[in-house]
Ligand SMILES: Nc1nc2c(ncn2[C@@H]2O[C@H](COP(=O)(O)OP(=O)(O)OP(=O)(O)O)[C@@H](O)[C@H]2O)c(=O)[nH]1
Ligand SMILES: [Mg+2]
């Protein structure tokens with residue numbers, strides 16, 4: 001197993017608790033890559049060092065024996081990476097590199113693979129902008145070894161641009177097929193399960209529809225949406241989709257590449273915003289997802305649903321109930337309180353059906 005040290009700068013306006021929660025998350029991201037975190041080193045600083053992020057002396061004193069990576073929660077510039085590597089001998093990886101690599105490892109379908117490659121190439125391209133350094137120094141630190149890395153190294157800017165254009169064309173083909181699918185579902189009640197990564201979205205889809213989506217305690221297990229039929233009552237059905245998870249500071253190029261995958265949420269008539277009640281940082285997680293959903297889905301009704309209540313105690317449960325009185329509390333895995341969720345879905349379905357019938361009458 002590869003090993004990493006996490007390094008962070010604590011500036012006067014950083015809150016200690018938030019910092020800890022963010023580094024906890026960074027550690028989970030690293031664990032999703034099978035990288036073990038040996039220690040966290042935090043330097044109190046007035047501001048971030050422009051050349052080395054933390055102080056040079058601080059970096060040069062780090063014990064590096066047996067360690068492979070030096071990981072940072074914030075984005076590092078290519079020159080910061082170079083300097084840090086020179087001072088420590090460790091390979092620097094930042095949050096974006098880590099998330100991108102997780103996406104790369106988990107991409108299974110042709111579409112997801114294209115999307116990840118596009119994001120990766122765009123990241124390389126933007127780090128090459130205005131620089132004369134060669135690719136070998138720029139490419140994603142984690143994937144650089146072995147055949148793939150060498151292949152990447154050979155690509156110059158032009159080749160990258162050509163490849164991006166090709167991948168964009170391929171993606172367009174897949175997207176137009178998807179677009180047609182969305183259109184054909186105009187008269188169907190569409191639900192999507194959205195939420196922070198690892199909230200239990202795939203587990204809920206599996207429980208509600210007997211789908212067979214892989215659900216694991218790893219971040220970003222799902223990179224493709226799966227859609228299934230959900231029986232409501234009599235001969236009424238909805239379709240329900242599992243979606244890609246959100247995370248704070250999701251790399252810009254990944255968001256852009258996965259736009260069509262996230263789009264399934266924008267087409268839905270009801271969004272289940274699923275929250276992991278056991279997360280120490282669920283309030284910020286709700287906020288991150290809420291902010292994303294406000295962008296294109298402001299008008300779509302949303303259900304706030306807390307999951308994994310089988311793992312929590314009464315005290316915490318009551319606290320959440322008091323904080324979010326309209327939320328539904330379930331366990332997707334242990335099938336607790338799913339009836340309330342289904343009934344609420346049904347209420348929304350009936351409202352939607354009524355609106356649809358009324359609008360037909362007016363045509
Ligand atoms: N105890 C308990 N575990 C749950 C529950 N729901 C999901 N889990 C576990 O939480 C982990 C994540 O579940 P997933 O369904 O993969 O979560 P997800 O939101 O689809 O995650 P990503 O696709 O990675 O964004 C898995 O190990 C599940 O078994 C629950 O109600 N109770
Ligand atoms: Mg999933």
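Read the figures in this text as sums done on the coordinates, not as results from a lab. Computed from a prediction, not measured in an experiment: that's the story for all the values here. Note that each Cβ is placed from the backbone with ideal geometry, even for glycine, and that neighbours are counted across all protein chains shown.
Remarks
- Using just its DSSP H runs of length 4 or more, each adding -39500 (n - 2.57), the chain gives a mean residue ellipticity at 222 nm of -15500 deg cm²/dmol after division by all residues.
- Given their separation in residues at 0.36 nm each and the Cα-Cα distance between them, residue 181 and residue 60 gain 38.0 nm when the chain is fully extended.
- Normalising the average separation of contacting C-alpha pairs (under 8 angstrom, six or more residues apart) by the number of residues puts the relative contact order of the chain at 13 percent.
- Relative contact order (%) - region 268-347, alpha-carbon pairs under 8 angstrom, separation at least six: 30 percent
- Relative to the longest principal axis of the Cα atoms of the chain, helix 282-297 runs at roughly 70 degrees.
- Spin-label model, residue 164 to residue 259: label points 7 Å out along the Cα-to-beta-carbon direction sit 1.3 nm apart.
- Ordering of 347-355, 263-271, 299-307 by packing is 263-271, 299-307, 347-355, highest average first (other Cβ atoms within 10 Å, averaged per residue).
- Alpha carbon centroid spacing (whole Å) that separates region 54-102 from region 274-348: 37 Å
- Rounded to 10°, Cα long-axis angle of helix 157-184 versus longest principal axis of the chain: 10 degrees
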